[in-house]
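Below: the structure, in C-alpha cells.
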Amino acid sequence: MDAARDRTTLEIVEADDLKLLDHVDTYGYECHGHDCGVEAFPRAYRPENLVRAHFQVRSAHGRDCDVAAEEAIIARGSKASVQQELETSPGLSPARLHLIDTRHIVSPQLPPSELGTQASGRHTSTGTKGQRPAGRRPANSIRPICRAFLRFPFDRHLSLHVDGIDTTTYQTVFKLLRSKGIESFSRQRVFYSELAWKVAEETSEHLTIALNAGEWVDGKLMPYSVVVDWTAWSKTARSRLKNELEAARKENMAAAKSNAKTRSYLFFIGPQDAQMLSRFHVNDPRLICTVHDQLVFPAA
Ligand SMILES: [Zn+2]
C-alpha cells in the first residue's frame, strides 16, 4: 500500500513522506479503506532505504475495503479506462494538489497573474473511520498525482487542479520534456522526463539532476537539468531526495538493460531558467519526485 491513515491525526499519509519524519511510530497506522482500519505497518521508511517505502498489512482487510480492491483497479487501468472506479476511490487519482504545511511553501517564480492562491490552513477532508469518502481526495505532494498519471493512461481526461497551473486535466497539466531541442515553456506545468543515468551532482546549496532529454549536438545529448535549491532543507529532506534519486536511477538502468518497458521518470513543478532554457529550478521537496512505471500514450 502507498498510503495509510495516522491513527492519531486521522490524516492519510504517503509512505514516502514518512522518510521526512524524525520518528515513525510503527504501530501508529491503519488502512484508510472503507470500513477497514486493519493495522498497517510502515516498511522501508528510513531515508537511507534504497527500496520504495510502503505499508504492509498482516491480517485481512475489511470486507468492503476499497484499498484492498485498488490493486485490481490499477491492473485494469493500464489497459482500459477505469473512470468510474477512480471517481469513487479516494486515493488512486487525486483531483487536486493541496499543500498542507504552509511553512515551506515557496511559490514557483511565475508572474503573479498566473499564480493561484497558495495553500492555506489545514485541510479537513481526510476520511474518518466508517464514513465513505465522497470522491477523489486531494494530494499533499505531487507524488500520488504523478503515479496516477502513469498508471491510468486511459483516464487522463479526469480533472486535476494545481495552484499556479492554468490547465485542468491530467492530460494537459503534465508536459513531457523531449529530445527534439531545448524548448521554451511560457506556462507552468508538471514537467517530466526519464532520468539520466548520470549521478546527480551535489553542493551545499544545490542538487543538479540530469534528464534523458534535451538537444542532440554532434551526437551528444545536451540534457535538460533540474537544479534543486536545497539551502533551506533539513538534512532528512536532503537525504530522502538523494536516496530516492539513486534508487530510481539504478532501477532505471536495470530496466533498460533487461529490456523492460518501464523507466524511472522525474516529475517536478518549477520555473524554467530565463537565461539558460535547459535548466529548471525547484525548491520545495513536495514538488519533485520519481516514479518507476511504463509511460503509455494510448492511440487516439
Ligand atoms: Zn483495508
Per-region count, segment 9-42, residues within 22 Å of the chain's Cα centre (by Cα), under 18 Å from Gly135 (Cα atoms), part of a loop (DSSP other than H, G, I, E, B) and touching a residue at least 40 places away in the same chain (Cβ under 8 Å): 3
Selected residue (only one of Asp35, Asp66 is more than 29 Å from His23 (Cβ to Cβ) and surrounded by fewer than 16 Cβ atoms within 10 Å (Cβ to Cβ)): Asp35
Flag if Ala60 is of a type outside the set (S, T, N, Q) and either within 16 Å of the ligand (Cβ to nearest atom) or in a strand (DSSP E or B) (or both): yes
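For (1) touching a strand residue (DSSP E or B) at 6+ places or on another chain (Cβ under 6 Å); (2) surrounded by 15 or more Cβ atoms within 10 Å (Cβ to Cβ), each residue gets a yes or a no:
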| residue | (1), (2) |
| --- | --- |
| Asn243 | no, yes |
| Glu246 | no, no |
| Asn259 | no, no |
| Tyr265 | yes, yes |
| Arg286 | no, yes |
| Val291 | yes, yes |
Identity of the residue in segment 75-93, crowded, with 18+ Cβ neighbours inside 10 Å, at pLDDT below 95 and not polar (S, T, N, Q), that ends up farthest from the ligand (Cβ to nearest atom): Leu86
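Do the conditions hold for Thr208, that is, is it β-branched (Val, Ile, Thr) and out of contact with any His (no Cβ under 8 Å at 6 or more places or on another chain)? Before you say what the answer is, go through the steps one by one.
Details: β-branched (Val, Ile, Thr): yes; out of contact with any His (no Cβ under 8 Å at 6 or more places or on another chain): yes.
Yes: the conditions hold for Thr208.
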Complete set of residues in segment 1-46 that are in contact with a Leu (Cβ under 8 Å, 6 or more places away or on another chain) and farther than 21 Å from Ala248 by Cβ: Val24
Residue count for segment 4-47, restricted to those that are touching a strand residue (DSSP E or B) at 6+ places or on another chain (Cβ under 9 Å), on the phi > 0 side of the Ramachandran plot and more than 10 Å from the ligand (Cβ to nearest atom): 1
First in segment 220-238 and modelled with pLDDT of 95 or more, second anywhere and acidic (Asp, Glu), Cβ under 7 Å, 6 or more apart: Met222/Glu215; Asp229/Glu205; Thr231/Glu205
Pairs with Cβ under 6 Å, 6+ apart, first in segment 69-88 and part of a helix (DSSP H, G or I), second aromatic (Phe, Trp, Tyr): Gly77/Phe152
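Quick check on Asp155: is it among the acidic types (Asp, Glu) and modelled with pLDDT of 95 or more? Let's see the steps before the verdict.
Numbers: among the acidic types (Asp, Glu): yes; modelled with pLDDT of 95 or more: yes.
Here the answer is yes, as Asp155 does meet what is asked.
The values are calculated or read from the model by the stated rules, or taken from the named source; none is laboratory data. Remember, it's a predicted structure, so these values are computed and weren't measured experimentally. As a convention, Cβ positions derive from the backbone with ideal geometry for all residues, glycine included, and neighbour counts pool all protein chains shown.
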